[in-house]
Each structure stands twice: as C-alpha cells, then as structure tokens.
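S.K.: Can you read through this structure? Questions will come right after.
We did not get these values from a lab; they are worked out from the coordinates using the rules stated. Here the structure is a predicted model, which means the values were calculated and not measured. Quick reminder, even Gly has a Cβ in these numbers, built from the backbone with ideal geometry, and neighbours come from all protein chains shown.
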Amino acid sequence: MLLRGDDNSQTSPAGGDERILAQARRLLAGEAAGLTATWWMQLDPPAAYWSPEMFAIYGVDPGTEPSRELMRAAVHPSDRAETLRAGTAWEADPRGCYHGTFRIVRPDGGARLLEMRAWMADALGRPQPGAGRAEAAGCPQPRVIGTVIDVTAAGRLANERTRADEQRELVLQVSEEGICGLDPGGRIVFANPAFGALVRRGPAELVGARLHDLVHRDADGRERHAAGDCPYHPGRRGRAREIDAGFVAGDGTRLEVSYVRVAVDADPVLAAVISLRDETEQRAASRRLRASLEHVRALSVQRGALLRQLAGAEERERLRIAADIHDDSVQTLRAVELGLERRRDLIEDPALGRLLEEARLDVHAAATRLRGLMLELLPPVPELPLVAAIAAYCQSQFDGTDFVYEVHGESEELEPDTYLLAYRLAQEAVRNARKHSRGTRVSIAVSSGRGRLVLEVADDGIGLGDLGGHGPRGGLRIIRQRIAAAGGESGFGPGPGGRGTQVRIELPLDEDWGT
C-alpha cells in the first residue's frame with residue numbers, strides 16, 4: 001500500500017495500524033526541527049511515504065505515488081551509477097546510516113543537489129542503526145526511513161568559496177607585494193612567497209613567528225622599539241598606510257617599506273592583514289632627485305642673481321654711453337655743425353658754400369642718428385605702463401618713415417626686472433623688424449594672465465623663409481637667449497595670414513625672472 005504526503009489524510013494502513021501514522025508524526029516533528037523533507041519505505045508489504053516537502057524538492061505533483069523507482073529515476077545521469085552502487089551496497093547490508101550526496105533532474109529540467117540519509121527501522125519506526133537486513137526482516141513490517149535536504153544553494157556557495165579561495169591563493173602566489181596575516185598575538189598565520197623574499201627568510205621561519213620580532217630587531221637582537229609601538233601591532237584598528245623606515249630583513253639589510261595594515265574583526269584566527277612593498281631604492285632615488293632639484297634651484301637662484309647683476313650693469317653701461325653721446329659726441333657734432341654754418345655764410349664762392357652746406361647736413365644727420373641711439377640706450381620712463389613705453393619707443397623710431405605701427409593690449413603691474421626685460425625684448429624685436437623685415441607695418445600686442453606676460457611682435461615683411469632652416473639669426477637669436485636666461489619661452493614663425501614674421505615672447509610673472 002502507498003501513502004502520500006497529505007497532512008490531512010485520515011487513511012491508515014491495512015488493519016488500522018496507527019503506529020505508521022505515529023511514525024510519520026515523529027518524522028514530521030524532526031522535519032520541523034530543521035530537516036527539509038522526510039520519507040520512509042516499508043519493505044513488506046511494500047509501502048512508501050513522502051512528506052509534502054519531498055514532492056516540492058523532486059518537483060512532482062503531490063498526487064504522484066511515491067516510490068523507490070521514482071527516486072532512482074530522478075537521479076542525474078552523471079551521478080546515477082555511483083549513487084545506485086552505493087545504495088545497493090547499503091541495502092545489501094544496511095548497518096549504520098546511509099549518507100549520500102547527488103544531483104537530481106526534476107521534470108521541469110531543473111537540477112538540484114540533495115543530501116540524503118537513511119536508516120533501517122523497526123515496526124514502530126524507531127531507527128535501528130546496528131540492524132542488518134536479516135534482523136530487520138525479523139520485525140513485522142520492516143522499513144527504511146530517511147531524510148532529504150536540498151543543499152543546492154549551499155553547494156553553489158561552497159563552490160564559489162572554493163573558487164574564491166583558489167583565486168585568492170593565486171593572487172597571493174603571484175603578487176609582487178609581500179602579504180601576510182597576523183593572529184591577535186601578532187604571529188604570522190600565512191605569508192606569500194613575495195613576503196618571504198622581502199624579509200629574507202624561509203617558509204619554516206615565518207608561520208608562527210611574531211612579525212615584530214622578525215623585522216624590528218638589530219643584528220644583535222635588540223628591539224628597535226617596543227612591541228606595543230610596532231606599526232603592525234594587530235591591536236591597532238582600522239586601516240593604515242605608512243612608511244616603515246626601521247625595517248630590518250633577515251640578512252641584516254635595512255629597508256624602507258611601505259605598508260598597508262588592515263584590521264580584521266570577524267575572523268576567529270586573523271587579526272590583521274599586512275601588505276608590504278620594498279621602496280628602498282625608489283625612496284633613495286626620490287631623495288637624490290630632490291637633492292638634484294634643490295641644487296638646480298640653488299644654481300637657478302645664483303643665475304638669476306647674476307643675470308640681475310648683468311642686467312643692472314648693462315643698464316648702467318647704457319646710461320654711461322648715452323651720457324657720453326649726449327655730453328661729448330652730440331655736443332661736438334653740434335658745434336661742428338654751427339661752425340660749418342657760420343663759415344658757409346662768410347664764403348662768397350657759391351661752389352665752396354654748397355660744399356660747406358653738404359658737410360653741415362652730413363654732420364647734422366650724424367648727430368641725429370647719435371641722438372636716436374642715445375634714446376634707445378635710455379630706459380623707459382618708470383611712470384609709464386609697459387604698453388605706453390613701447391608705443392613711445394615706436395614713435396621715436398618710425399616718425400618720419402613709411403612704417404605704420406600699432407601697439408595694443410595691457411598688462412598687470414610688473415616687477416621692475418620683468419618690466420625692463422620686457423621693454424628691452426620688445427625694443428629688440430621692433431628694431432629687428434625695422435632693419436631687416438623690408439615691410440611697412442609692425443604690430444605689438446601685450447597681455448598677461450595665469451602667471452605669464454605675453455608679447456607678440458609681428459611685421460608684414462619677407463619673413464623667415466630665407467634662413468635655410470637654421471633658425472633665427474642676429475637680433476632674434478639675442479631675443480631667444482635672453483628669454484631662455486630669464487626662464488621664459490619664445491617662438492618665431494609667420495605673421496598673421498602667413499606673411500612676415502611674428503615673434504612671441506612669454507615671461508614668468510610668479511617670480512623674479514631668472515630665478
């Protein structure tokens with residue numbers, strides 16, 4: 001007779017044996033205590049019982065007649081041979097508990113992983129773990145009782161954990177950083193190969209040893225600091241990322257290592273995980289680089305001071321020459337010019353008078369050129385903004401010529417050194433355009449911002465195409481050299497529309513030029 005898992009069924013075995021129902025109730029009570037499903041099979045006469053959860057696990061209709069054949073047919077084809085072999089062997093001598101884990105395929109095609117246990121039981125449904133088939137056969141209505149637990153999710157979780165453990169182990173093995181785990185006493189629980197290489201110790205010296213004792217002792221065994229002050233102390237909570245400059249490897253080598261310490265709260269064994277990286281060479285290289293940069297900086301400061309001294313000396317020399325021109329050469333030429341003019345007026349010979357007049361004009365022209373040179377040598381009027389000073393210079397250069405000039409833009413207030421340098425550079429660029437461009441127009445633009453002063457001087461002349469790829473010459477080379485010495489940047493190329501030459505000058509404003 002077959003019994004189905006219907007809690008409301010009042011059907012009883014033949015002969016009104018209420019003991020079967022009592023057994024079912026006991027199994028259901030066990031199921032309520034945490035079992036997923038229960039079942040039993042009566043050997044003689046044949047009968048079977050499934051709890052409602054059995055039908056749900058196997059995915060069959062609760063009206064289906066439960067049987068051993070139904071259970072066997074559901075076993076996954078890949079697991080069927082081994083499962084049936086183990087079950088048959090247990091049925092041949094069913095002493096103790098049968099315990100098997102296997103997969104089933106449900107009617108809807110879904111697979112589940114089950115864990116099954118089974119025991120021989122007496123007529124009252126009491127498990128008889130020591131009874132064999134012969135003893136069970138001697139009992140009226142011997143049967144097998146069992147439980148089934150759906151462990152699909154647990155199996156998946158176990159597989160995921162296994163894969164995660166394998167991946168974590170692979171990461172530890174191939175990582176270039178030394179990684180170890182510490183227990184609450186600061187002793188090493190695990191360490192990867194890179195850790196052993198970093199501390200210069202073999203695997204046998206690591207696990208169980210205190211990390212502090214391995215790396216924070218001098219060659220004579222003295223502690224470099226107390227264990228409580230150790231940066232790797234597992235009692236320190238949270239996460240830390242620092243440099244350990246007191247690290248001593250097993251061979252006595254002093255190292256500088258960067259470490260990341262992460263406290264572990266939930267693990268019953270681990271208290272912290274430490275990741276170490278040897279940065280001795282990198283930090284030494286960084287110190288050397290900083291020292292080199294400081295040296296370069298000091299040289300740059302010295303160069304700036306020398307450049308300022310040279311610029312000051314140059315300006316003083318300009319003033320001296322301008323004064324000499326004004327007080328000596330120009331005055332002398334003016335006196336010669338006046339003398340020639342008087343003699344011309346006294347001579348009655350027209351031919352000789354014309355010669356004297358030509359000589360006077362030549363002297364006048366020479367004096368005019370000297371006065372122009374004197375004006376170039378003089379510094380700009382300090383009260384004038386840079387744009388106005390450049391415009392005044394252009395006016396002195398181009399008045400009475402066919403050149404058209406334009407000066408526009410503005411700049412923030414400049415340091416005296418930067419102001420004078422910018423003026424002299426603009427002066428050199430304008431003079432170069434006047435002498436060599438063969439053009440008729442020059443434009444000067446001044447702007448400042450983002451810590452830079454920008455000057456752009458463009459003409460409409462012949463351009464730089466005849467330089468043969470050798471770069472700027474003459475005055476433009478002087479401009480480039482002075483800009484580089486001042487820590488600025490320069491550029492030379494075609495002017496607007498591809499015509500002429502444009503000189504671009506950038507000078508730093510955030511510090512004195514040349515420093």
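S.K.: Residues with amide H under 5 Å of VAL407's amide H, sequence separation 5 or more or different chain, H placed in the peptide plane at 1.01 Å from N; which?
M.R.: Answer set, sorted by chain and number: ILE444.
S.K.: Tell me, what is the FRET efficiency for ARG283 and ALA204 to the nearest 0.05, using R0 = 25 angstrom and their Cβ-Cβ distance as r? Numbers along the way, then the final one.
M.R.: Details: r = 31 Å, r/R0 = 1.24.
The computed FRET efficiency comes out at 0.20.
S.K.: In addition: State, in angstrom, two size descriptors of the range 248-358 derived from its alpha carbons: Rg to one decimal place and Dmax to the nearest whole number.
M.R.: Calculated on Cα positions, Rg and Dmax stand at 40.4, 127 Å.
S.K.: Amide H to amide H under 5 Å from ARG452: which residues, 5+ apart in sequence or cross-chain, H placed 1.01 Å off N in plane?
M.R.: Those lying under 5 Å, H to H, from ARG452 are LEU509.
S.K.: Can you list the HN-Hα couplings for the range 443-452, worked out from phi with the Karplus curve (6.51, -1.76, 1.60; θ = phi - 60°), rounded to whole Hz and with x for Gly and Pro?
M.R.: 10, 10, 10, 10, 8, 8, x, 6, x, 10
S.K.: By how many nm would the segment from ALA365 to ALA445 lengthen if fully extended, with 0.36 nm per residue of separation less the alpha-carbon distance?
M.R.: Details: separation 80, 0.36 × 80 = 28.80 nm, distance 3.23 nm.
Between ALA365 and ALA445, full extension yields 25.6 nm more.
S.K.: Lys/Arg Cβ at +1, Asp/Glu Cβ at -1, dipole of the range 134-289 taken about the Cα centre: which of ALA285, GLY202, VAL248 is farthest positive-ward?
M.R.: Value computed over the given set: ALA285.
S.K.: Next question, about the same structure. Set the Förster radius R0 to 35 Å, insert the Cβ-Cβ distance between GLU91 and ASP61 as r into 1/(1 + (r/R0)^6), and round the FRET efficiency to 0.05. Write down the numbers at each step before the final one.
M.R.: Numbers: r = 28 Å, r/R0 = 0.79.
According to the calculation, E is roughly 0.80.
S.K.: In whole Hz, what ³J(HN,Hα) sequence does the range 301-308 give by Karplus (6.51, -1.76, 1.60; θ = phi - 60°), x for Gly and Pro?
M.R.: So the J values, rounded to whole Hz, are 4, 4, 4, x, 5, 5, 5, 5.
S.K.: Would you mind getting me the FRET efficiency between ALA111 and ILE243? Use the beta-carbon distance for r and R0 = 41 Å, nearest 0.05.
M.R.: Working from the Cβ atoms, E equals 0.15.
S.K.: So for the pair SER292, ARG320, with labels modelled 7 Å out along Cα→Cβ, what separation do we get in nm?
M.R.: Placing both labels 7 Å along Cα→Cβ, they lie 4.2 nm apart.
S.K.: Starting from the Cα of ALA388, step 7 Å along the direction of its Cβ; do the same at ALA81; then give the gap between the two resulting points in nm.
M.R.: Calculated label separation equals 10.5 nm.
S.K.: How much length is gained if the chain between GLU406 and GLU169 is pulled fully straight, taking 0.36 nm per residue apart and subtracting their Cα-Cα distance, in nm to one decimal?
M.R.: Numbers: separation 237, 0.36 × 237 = 85.32 nm, distance 7.44 nm.
Between GLU406 and GLU169, full extension yields 77.9 nm more.
S.K.: Using amide H atoms built in the peptide plane, which far-off residues or other-chain residues are under 5 Å from GLU256 H to H?
M.R.: Here the answer is GLU279, THR280, since their amide H atoms fall under 5 Å of that of GLU256.
S.K.: Give me D for the range 232-276 in µm² s⁻¹, whole number, from Stokes-Einstein with Rh from the Kirkwood sum over alpha-carbon pairs, 10 °C and 1.306 mPa s.
M.R.: Working: Rh = 11.5 Å.
Calculated translational D: 138 µm²/s.
S.K.: Another question, then. To the nearest whole percent, what portion of all C-alpha pairs in the range 362-430 is separated by more than 20 angstrom? Don't skip to the answer; put the middle values down first.
M.R.: Details: 770 of 2346 pairs.
Counting pairs separated by more than 20 Å, the tail of P(r) holds 33 percent.
S.K.: Pull out the extension gain between ARG156 and HIS436, defined as 0.36 nm times the separation in residues minus the alpha carbon to alpha carbon distance; nm, one decimal.
M.R.: Values: separation 280, 0.36 × 280 = 100.80 nm, distance 8.55 nm.
Taking 0.36 nm per residue and subtracting the Cα distance, the gain is 92.3 nm.
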